[in-house]
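The values are calculated or read from the model by the stated rules, or taken from the named source; none is laboratory data. Keep in mind that this is a model prediction, so the values were computed, not measured. No Cβ is skipped: glycine too gets one built from the backbone with ideal geometry, and neighbour counts run over all protein chains shown. Side chains are part of the model used for accessible areas, which takes the heavy atoms of the whole protein and leaves out ligands, DNA and RNA. Shrake-Rupley method; radii C 1.70, N 1.55, O 1.52, S 1.80 Å.
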Amino acid sequence: MTVREQVLRALEAHRGEVVSGGALSADLGVSRQAVWKAITALRADGLEIDSVAGEGYRLRADDDSLTADGVQALLHTQILGREVLVLPEVSSTNTVMKREYASSCPEGFALLALRQNAGRGRLGRSFVSPDGGMYLTVLLRPALTLDRLHFLTIAAAVAVCRAIQDTCGFLPGIKWVNDVLQDGKKLCGILTEASIVGETGGLDYVIVGIGINLHFDAEAAPELAGIVGSLGDFCEKVPRRAELTAAVLTRFEELYLYLKSGDFAPVISAYRALLCCIGQKILVVENGTETPAVCDGINGEGHLLVTMGDGSRRELQTGEISIRI
Ligand code: BTN
């Protein structure tokens with residue numbers, strides 16, 4: 001670990017409190033000059049660190065900088081986030097991950113951007129991604145068969161709900177397949193994409209893109225008012241982006257380790273417990289047509305079980321539903 005990373009970890013462990021420069025240099029076994037250089041480099045990255053004369057350094061409690069060091073200082077994962085890169089602005093973290101990093105980077109590599117100018121959603125939609133949100137794409141190399149790819153999306157949705165509970169104190173629900181909702185408002189979108197090896201038909205890599213709205217300015221995107229919500233609408237203290245990112249990576253890894261070991265049941269049962277449509281009247285959206293149905297639940301593969309208006313039963317593998325009010 002570099003001196004810079006060690007200094008940040010020490011400041012992070014006492015966020016909001018003054019840490020003495022002398023203690024830092026003694027604990028890390030480096031000169032005061034090296035500590036000062038590390039502080040200067042961290043500040044250049046945007047971290048808000050005060051110098052308190054005669055006392056030491058303080059990482060401000062409300063500093064919302066999003067840096068690789070800042071995220072990693074909060075992480076205790078084995079795989080996800082071992083390498084983190086934060087870019088100021090990209091078209092889409094999923095697009096950039098595929099184009100620049102997916103073939104060369106290790107499993108767990110996490111790409112973040114402060115904003116996206118062409119954020120992508122499911123079914124060819126766009127994902128509005130202004131400053132202040134969390135835009136993350138994680139690179140995975142799972143030994144899953146293609147028909148089980150959706151388990152990664154399911155795991156990511158559960159992970160986001162749990163991370164929101166950890167950092168904001170409320171537990172949202174999930175609208176099948178992967179919309180994270182609170183009071184009917186969408187807080188997060190997930191877009192999973194995969195690359196297939198031509199010869200074998202197996203998975204080369206999978207990327208899971210997660211976008212969470214921390215603050216949402218309804219005036220900036222009036223077309224989304226009433227559909228999209230943000231963490232700020234539902235919790236008093238919106239978490240710092242680094243804190244939320246670390247929580248998402250931590251929670252995602254817990255579930256990913258089950259999937260890696262071939263144990264799908266805990267992931268499905270966690271997902272089932274968070275689904276907000278079970279027992280409700282829904283509309284099944286297919287080819288632009290909406291058909292009334294009742295949601296009966298999901299099976300062990302995460303497929304939605306529904307009873308259609310004519311009494312017939314169906315199992316939906318993928319698609320979209322809307323919940324009838
Ligand atoms: C959806 O709700 O339709 C999915 C939205 C997925 C958005 C995330 S933000 C990070 C990653 N980069 C993208 O361009 N999309 C995903």
Taking region 36-136, how much of its Cα-Cα pair set, in percent, is spaced more than 21 angstrom apart?
45
Where a Cα-Cα gap under 19 Å defines reach, which aspartates and glutamates qualify for residue 185, not counting those fewer than 8 residues away within the same chain?
217, 219, 223, 233, 236, 320
Relative intensity, log₁₀ I(q)/I(0), of region 135-246 from a Debye sum that treats every alpha carbon as a point, q = 0.17 Å⁻¹
-0.82
Under a GNM of the chain (C-alpha, springs under 10 Å), which listed residue has the highest mean-square fluctuation: 42, 66, 28?
28
Along each principal axis, Cα extent of the chain, largest first, Å
77, 48, 33
Computed E for residue 224/residue 33 - FRET, C-beta separation, R0 35 angstrom, nearest 0.05
0.10
Using the per-residue mean of other Cβ atoms lying within 10 Å as a proxy for protection, in what order, highest first, do the peptides 142-149, 289-296, 175-182 fall?
175-182, 289-296, 142-149
Counting only protein chains, not ligands or nucleic acids, how are 252, 234 ordered by accessible area (probe 1.4 Å), most first?
234, 252
Mind giving me the nanometre distance, one decimal, between the label points for residue 314 and residue 145, set 7 Å out from Cα along Cα→Cβ?
2.5
Accessible area, 1.4 Å probe, largest first: how do 2, 67 sort?
2, 67
How do 14, 303, 76 rank by accessible surface area computed with a 1.4 Å probe, from largest to smallest?
76, 14, 303
Once the whole set of protein chains is in place, how much accessible area is left on residue 40, using a 1.4 Å probe, in Å² to the nearest 10?
60
Counting only C-alpha contacts under 8 Å and six or more residues apart, can you give the relative contact order of region 66-161 as a whole percent?
25
Given Cα pairs under 8 Å that are at least 6 residues apart, what percent is the relative contact order of region 27-96?
18
Length gained if residue 115 through residue 235 is fully extended, taking 0.36 nm per residue and subtracting the Cα-Cα distance, is 41.0 nm
Residue 27 accessible area, assembled protein chains, probe 1.4 Å, Å²:
130
Å² of accessible area per residue within the chain, as computed with a 1.4 Å probe and no ligands counted
45
Calculate how steeply helix 3-13 sits against the longest principal axis of the alpha-carbon atoms of the chain, using the helix alpha-carbon long axis, and give the answer as 0 to 90 degrees to the nearest 10.
70
On the accessible surface of the chain, probed at 1.4 Å, how many percent belong to carbon and sulfur atoms?
49
Region 237-291: trypsin sites (Lys or Arg not before Pro) in DSSP loop, at most 15 other beta carbons within 10 Å:
237
Filter on 175/237; 260/281; 237/281; 37/260; 37/98 - keep pairs with C-alpha separation over 32 Å:
260/281; 237/281; 37/260; 37/98
